[in-house]
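Peer 1: Shown below is the structure under consideration.
The values are calculated or read from the model by the stated rules, or taken from the named source; none is laboratory data. All values reported here derive from a predicted model rather than from experimental measurement. As a convention, Cβ positions derive from the backbone with ideal geometry for all residues, glycine included, and neighbour counts pool all protein chains shown. To get the accessible areas, we keep the full protein, side chains included, count just its heavy atoms, and leave off ligands, DNA and RNA. Shrake-Rupley method; radii C 1.70, N 1.55, O 1.52, S 1.80 Å.
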Amino acid sequence: LSSAIVAGGQGVTSDTKPFSLGISGGASIPTGDLSSYTNTGYNVGGHIALGTPGLPIGLRGDVNYDNFGAKGSGNSNMHIWSYTANAVYEVPAMTGIRPYIIGGVGGFTPGASYSNGGTTVTASGGTSFGFDVGGGLTIPLSGFNAFVEARYNHFNDNGGTTSFVPITFGIMF
């Protein structure tokens, strides 16, 4: 989708393990213009977290794929690949479950697919610069961490804007 010193918010990172890898998945909610022509979809992602021992801030790189079905059409969809670099700040907490704030910048590559009579046509747009910002919770487990987070993603595309909110559950090793 870690000891008291965290990298990447949801990484199993500490003074002794400042690096972690993770996977995630969940729902993606279109907002703004995107919500006019697509339905809620799904997301999958991969993550790399780097710790900063002694500090509550870490870095996380994310590669995500979000897919949205087109409204009124069962045979077309829109998808977005995103590649972002994020700073993660762990909010001080007294419990095992730890809140964090995440935000960063990166590239977003939209595309669309359409099926007609057994033939699928896929088109991809260019990569646009954008940002993401959100928050989540780290849930420590035995040897790894689970996380749940929501992030607002936004980028400019072909004279318009595209935005969506993935709600993601994942694990970091």
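Peer 1: If you take the square roots of the eigenvalues of the alpha-carbon gyration tensor of region 105-173 and sort them as a ≥ b ≥ c, do you get rounded (a/c under 1.5), prolate (a/b over b/c) or oblate?
Peer 2: Because a/c hits 1.5 or more and a/b fails to exceed b/c, region 105-173 counts as oblate.
Peer 1: Please calculate how many Å² of accessible area region 36-143 carries per residue, with a 1.4 Å probe and no DNA, RNA or ligand atoms counted.
Peer 2: Per residue, region 36-143 has an accessible area of 51 Å².
Peer 1: I would also like to ask the following. Give me a comma-separated list of calculated 3J(HN,Hα) values for region 136-148, in order, Karplus coefficients 6.51, -1.76, 1.60 applied at θ = phi - 60°, integers in Hz, x for any Gly or Pro.
Peer 2: x, 10, 9, 10, x, 10, 6, x, 7, 10, 9, 8, 9
Peer 1: Assign unit charges at the C-beta atoms only (+1 for Lys and Arg, -1 for Asp and Glu), then state the dipole size of the chain relative to its Cα centre in Debye, rounded to the nearest 20.
Peer 2: 160
Peer 1: Once you put a point 7 Å from the Cα of Thr127 and another 7 Å from the Cα of Asn158, both along the Cβ direction, what distance in nm separates them?
Peer 2: Between Thr127 and Asn158, the simple spin-label model gives 2.0 nm.
Peer 1: Using only the alpha carbon atoms of the chain, find the Kirkwood hydrodynamic radius as the inverse mean reciprocal pair distance, in angstroms to one decimal.
Peer 2: About 16.5 Å for the chain.
Peer 1: Another one. Find out how many positive minus negative residues lie around Thr38, taking Lys and Arg as positive, Asp and Glu as negative, among other residues whose Cβ is under 14 Å from that of Thr38.
Peer 2: Local net charge: -2.
Peer 1: With each pseudo-label sitting 7 Å past Cα toward Cβ, what's the Trp81-Ala150 distance in nm, one decimal?
Peer 2: 2.9
Peer 1: So, one more: At a Förster radius of 25 Å, what calculated FRET efficiency corresponds to the Cβ-Cβ distance of Leu55 and Leu21, to the nearest 0.05?
Peer 2: Efficiency for this residue pair is about 0.75.
Peer 1: Shifting gears a bit: With the contact rule set at Cα under 8 Å and sequence spacing of 6 or more, what percent relative contact order holds for region 97-173?
Peer 2: Once normalised by length, the contact order is 27 percent.
Peer 1: What nm distance separates the two modelled labels at Val63 and Phe169, each placed 7 Å from Cα along Cα→Cβ?
Peer 2: About 2.5 nm separates the two model spin labels.
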